[in-house]
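Participant: Got a structure for you, written out below as structure tokens; questions coming shortly.
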Amino acid sequence: MGATAVVAELMERTGVRFGTSGLRGLADALTDEVVYGTTRAFLDHLAARGLAGPARRAAVAGDLRPSTPRIMAAVRRAFLDAGFEAEDCGFVPTPALAARALAARMPAAMVTGSHIPDDRNGVKYYRPDGEILKGDEAAILARTAPLDAPFDARGALPAPPPAAAPDIAAPDTAARDIAARDTAVPDPAARLGYARRFVEAFPADWLRGARIGLYEHSAVGRDLTREILEALGADVVPFGRSGRFVPVDTEAIRPEDEALARDVAAEGRFFALVSTDGDGDRPLLADERGAWLRGDVLGVLAARFFGADVVVTPVSSNSVVERCGAFRDVRRTKIGSPYVIEAMARAAAEGARAVVGYEANGGFLTATPTAAPRGPLSPLPTRDALAPILAALGAALRAGGPLSALAAALPARFTHSDRLRDFPPEISAARLAELRAGGAAAAARLFPWLPPVASIDETDGVRMTLVGGDVVHLRPSGNAPELRCYAEAGAPDEARALAERTLADADAWRGR
């Protein structure tokens, strides 16, 4: 028998771990050995539960960060050594890979660090019936994985044969006909299936008359997004294509991205600006003025457009979803798509007609078929960026007004989020424990300027509702050493100021 290792111990040695959604760590810590062992354990876990799929086939794809091709090669090797045929989908958005895995009833692994800096990366695993959940993560961690590949002392595999690597500085070669791009990746099924999902649900004139600015940066789906928008009638003007990886976080938008959107919109030519995060599962949508819509506002607009009966969203999302009165049932969860997916599945099992979910980062999920102009949009219970973008753009066009008017018609509640990077997790844990134990009195000690705390929700982190209805929510990131703050108030500037001042006080905790 060859070498083996318990996955939890393998991760412990390198600092890699499961975050809110998927495996995450420093790119150098995600050695071939760690990735290979975790992937073998993932496949063994599926086999033990009878979920390995009927065809012994598994798919892999990745984003455009520099470490991705190497990690994809380690995943591929694990697939092959486990007796699976490896379907290489190339560099495509995460929801494209997820949809392909669901359609083909096979496991899949997406190599991506999403929005985090490119010195980090990750792997997101999919069962044949959807994204792995927290119970799956615990089972994978407990498994003993075979390590029978030829690793060297640094945990590296021999270099694979030369293969096409992501060239994020390459010029745009997007064809106008989506079908003509069937050689864009090693296996085109994922990208073509993702495109078909939308061109079959929306009419060819859905975006006719709309001039759309596409902020490309280093998003893996930038070319595919352009093709889909153009196939639905939009006049697309790309801008901001990057030759290096850009960590665009849709939940904590960088000041430079806010300024870029305002500058581009100032030309006065655009109905809206569109983008996604690095792996294409979180949307960015700006109105005609260049103001990026918050993901939890976009989620409400999309849920309403798709006729949702039940809406599931984490506790960090804006309270507009309850205040707008558009939905029969709103269910709150901990932060992370696995929790949203579990709650959506329960609602669907209870017989709810149209079940959707969204997160404050804008990722939109569907557990049941949802109404679309040309027919039902098939369920995709993982984060997707394009569905909410297409819903909001089409709704605004048909209302005859600008996108800003659509958002302005919602109740006036505004959120702002930001984070402290490289914030020691042990300090976060200690201060949040102090808030949980001491309640309003502890909040007054730690934030003496804050209005009195009316209630505290401990579903995920510490969410303090203040007298008057404003909200301050503190939570350590599940993906990186960061402390996040989510604030809600009656005006955008008030929400921003609330978050900034809270984080300024929290930053001083480093010296306590």
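The values are calculated or read from the model by the stated rules, or taken from the named source; none is laboratory data. As the structure is a prediction and not an experimental result, all values here were calculated from the model. With ideal geometry, Cβ positions are generated from the backbone for all residues, glycine too; neighbour counts draw on all protein chains shown. These area figures cover heavy atoms from the full protein model, side chains too; ligands, DNA and RNA do not enter into them. Shrake-Rupley method; radii C 1.70, N 1.55, O 1.52, S 1.80 Å.
Participant: Which one is surrounded by the most Cβ atoms within 10 Å (Cβ to Cβ) among residues in the range 237-246 that are in contact with a strand residue (DSSP E or B) (Cβ under 9 Å, 6 or more places away or on another chain) and within 19 Å of Asp277 (Cβ to Cβ)?
Facilitator: Ranking the candidates gives Val246 first.
Participant: Another question, then. Evaluate the following for Gly25: is it under 19 Å from Leu147 (Cβ atoms), under 19 Å from the mean Cα position of the chain (by Cα) and not in a loop (DSSP other than H, G, I, E, B)?
Facilitator: Here the answer is yes, as Gly25 does meet what is asked.
Participant: Would you mind stating whether Arg463 is open to solvent by 10 Å² or more (accessible area, probe 1.4 Å) and either within 26 Å of Arg120 (Cβ to Cβ) or part of a helix (DSSP H, G or I) (or both)?
Facilitator: no
Participant: I've got another one for you. Quick check on my filter: what residues within the range 406-428 are open to solvent by less than 50 Å² (accessible area, probe 1.4 Å), of a type outside the set (S, T, N, Q) and under 25 Å from Glu359 (Cβ atoms)?
Facilitator: Matches in the range 406-428: Leu406, Ala407, Leu410, Pro411, Arg413, His416, Arg419, Leu420, Phe423.
Participant: Also: Only one of Ala184, Ala165, Ala138, Ala170 is modelled with pLDDT of 95 or more and farther than 30 Å from Arg398 by Cα. Can you tell me which?
Facilitator: Ala138
Participant: Against the conditions (1) open to solvent by less than 30 Å² (accessible area, probe 1.4 Å); (2) outside any loop (DSSP other than H, G, I, E, B), where does Val92 fall short? Just the number, please.
Facilitator: Condition (2) is where Val92 drops out.
Participant: How many residues are open to solvent by less than 50 Å² (accessible area, probe 1.4 Å) and either assigned to a loop (DSSP other than H, G, I, E, B) or touching a residue at least 40 places away in the same chain (Cβ under 8 Å) (or both) if we restrict to the range 247-263?
Facilitator: Residues flagged as open to solvent by less than 50 Å² (accessible area, probe 1.4 Å) and either assigned to a loop (DSSP other than H, G, I, E, B) or touching a residue at least 40 places away in the same chain (Cβ under 8 Å) (or both) within the range 247-263 amount to 10.
Here's the yes/no breakdown for (1) under 21 Å from Ala96 (Cβ atoms); (2) open to solvent by less than 20 Å² (accessible area, probe 1.4 Å); (3) of a type in the set (Ser, Thr, Tyr):
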residue	(1), (2), (3)
Tyr215	yes, yes, yes
Ile228	yes, yes, no
Ala265	no, yes, no
Asp279	yes, yes, no
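Participant: Then there is this: With the checklist (1) under 21 Å from Leu397 (Cβ atoms); (2) open to solvent by 50 Å² or more (accessible area, probe 1.4 Å); (3) not in a helix (DSSP H, G or I) in hand, flag the one item Arg304 doesn't pass.
Facilitator: (3)
Participant: Is it the case that some residue within the range 47-67 is farther than 30 Å from Thr250 by Cα and touching a Leu at 6+ places or on another chain (Cβ under 8 Å)?
Facilitator: Taking every residue of the range 47-67 in turn, at least one turns out to be farther than 30 Å from Thr250 by Cα and touching a Leu at 6+ places or on another chain (Cβ under 8 Å).
Participant: Moving on. Could you figure out which of (1) over 27 Å from Pro150 (Cα atoms); (2) of a type in the set (S, T, N, Q); (3) modelled with pLDDT of 95 or more isn't true of Asn121?
Facilitator: Condition not satisfied by Asn121: (1).
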